Amino acid sequence: MKDKQTIVITCAPHVSKILAEEVKDLGYPVKASSILEVTTEGSFKDCMYLNLHLRSAHRVLYQLKRFRTANAEQLYHQLKSVAWEEYIPSNSYFSVSSFVKNPTIRDTRFANLKVKDAIVDYLQDKFGRRPDSGPKQDRIVVFLHWKEREAGIFLDTSGESIAKHGYRRVTVEAPMQEALAAAIIRSTAWRPDLPFVNPMCGSGTLAIEAALIKANKAPGLLRNNFAFMHLNTFDTQDWEQMRQQAEQEAKKTIANFTNQLANIIATDLDPKAIAAARQNAAKAGVAGLIRFEVADFRDTELPAPKEETAGKPVVVINPPYGERLGEEEQLFSLYQEMGDFFKQKCAGYLGYIFTGNLNLSKKVGLRTNRRIEFVNGKIDSRLLEYELYTGKG
């Protein structure tokens, strides 16, 4: 096995710029990026490290082979030449997923079947036994990317998506995905030594992700199963050392913030939402970094900005979007009131509204500094930034 191979890290639409910054911050080169992925390079051990530390990613794919193939039979023969015994135990279970855009393939499941056949036939010839396969992605996952005549075969070292960070036990309506929340926070101008205020916090995802960033706590510490753990190349000792180092870094970071432990503030009018957020924060191990309060967003108390401090504190709101017919008009006044809240109570802050309804955003009544594009599920969304000056309104 080569020391360095191509590693492709997938993400939600429009998150690749943020993901690329994360990859660089972790010390890896960015070889290429597109709307849905970032390409770097490294070893299998590096894939483990990336799964542990990345906040805005979905999957970490380790490339085994890149080749040209015109049809399914050629695909099968190309994959029979991969040394599968280096990666997949003969008594294991694996699944196959894919992206296929080839004129000879009408159903992606047929391409997946050819991948599966190549692997089990190879291992049958080698060891006289066939591994099991099926749809579950909680163990070994093989990924095929096949576009026209260009194909690549990968080990999906994540398995189940790392977009979920493993702490959310209780939710309220329409919870935000953890990786998206992390990407939103990294898109703001917030610094961990400054206040982060999150009215309408729901089940607390934005506040918890801010606390994880503040604590420098790796999101993978909250998860006990990755696909890489089921491969022959997995080294338990390497993994435990990585985890221990990540835990020590988090403890050291928190110790440096002893005077700023409660400058992440999350409020919601619904007591059930606050109860859920508290439970989720406790599971994430960051409950001591967040001040939760039952309060209407208009009554959220914000720490006074310190003029001598470089940078500005932020207030981030993720309001309802009015997705169903007839809901939009009911939300006009809410968006107007958010604008009033920004003008009257948030002077000296940077204000952010994350919304999937640009028509409603016009009701805020403030000029935006930036409009950052995202997709939330399948909803075209924007993170809107407002600079809030003293005396405005």
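For this structure, a couple of remarks:
- Taking the centroid of alpha carbons for each part, the range 275-306 and the range 205-261 are 22 Å apart.
- Helix 44-53 and the long axis of the chain differ in direction by around 20°, with both axes built from C-alpha atoms.
- Between 0 and 90 degrees, the angle of helix 108-127 with respect to the longest Cα principal axis of the chain falls at about 50 degrees.
- Result for the chain in a Gaussian network model with C-alpha springs under 10 Å: among THR39, THR108, THR157, the largest mean-square fluctuation is at THR108.
- Built amide H within the under 5 Å cut-off of LYS65, gap 5+: ILE153
- Cα-Cα over 31 Å, subset of LYS45/LYS80; LYS80/LYS101; LYS147/LYS362; LYS31/LYS80; LYS214/LYS363: LYS147/LYS362; LYS214/LYS363
- Residue-wise HN-Hα coupling along the range 208-216, computed from phi with Karplus coefficients 6.51, -1.76, 1.60 (Hz; x: Gly, Pro): 5, 5, 4, 5, 5, 5, 4, 7, 6
- Residues whose amide H falls under 5 Å from that of PHE292, counting only those 5 or more places apart or on a different chain, are ALA266, with hydrogens built in the peptide plane.
- Once Rg/Rh (Cα atoms, Kirkwood Rh) is calculated for the structure shown, the corresponding label among (i) 1.03; (ii) 0.95; (iii) 0.98 turns out to be (i).
- Among ARG55, ARG243, the ranking by other beta carbons within 10 Å of each residue's beta carbon, starting with the fewest, stands as ARG243, ARG55.
- The chain: relative contact order in percent, alpha carbon pairs under 8 Å with at least 6 residues between: 14 percent
- Computed on the Cα trace of the range 5-156, the radius of gyration divided by the Kirkwood hydrodynamic radius gives Rg/Rh = 0.98.
- Measure of compaction for the range 172-264 (Cα Rg per 2.2 N^0.38 Å): 1.27
- When the trypsin sites (Lys or Arg not before Pro) in the range 340-379 are filtered for DSSP coil states and for at most 16 other beta-carbon atoms within 10 Å of their beta-carbon, the remaining sites are ARG367, LYS378.
- Overall, the range 5-156 carries a charge dipole of about 280 debye about its Cα centre when +1 sits on the Cβ of Lys and Arg and -1 on the Cβ of Asp and Glu, all other atoms neutral.
- Likely footprinting exposure, CYS346, CYS47, fewest C-beta neighbours within 10 Å first: CYS346, CYS47
- Sum of side-chain charges, TRP239 neighbourhood, beta-carbon under 14 Å (Lys, Arg +1; Asp, Glu -1): -2
- Proximal charge balance of ASN71 [Cβ under 13 Å; K/R count +1, D/E count -1]: +2
- Seen against the Cα atoms of the chain and their longest principal axis, helix 178-187 is set at about 60 degrees.
- Neighbour-limited loop hits for GluC sites (Glu not before Pro), the range 124-219 (at most 11 other Cβ within 10 Å; DSSP other than H, G, I, E, B): GLU148, GLU173
- DSSP beta bridge pairing in the chain, given as percent antiparallel to the nearest 5: 60 percent
A short reminder: the numbers here are calculations on the coordinates, not readings from a lab. Note that the structure is predicted; figures quoted are calculated from it, not measured. Every residue, glycine as well, gets a Cβ built from its backbone with ideal geometry; the counts of neighbours run over all protein chains shown.
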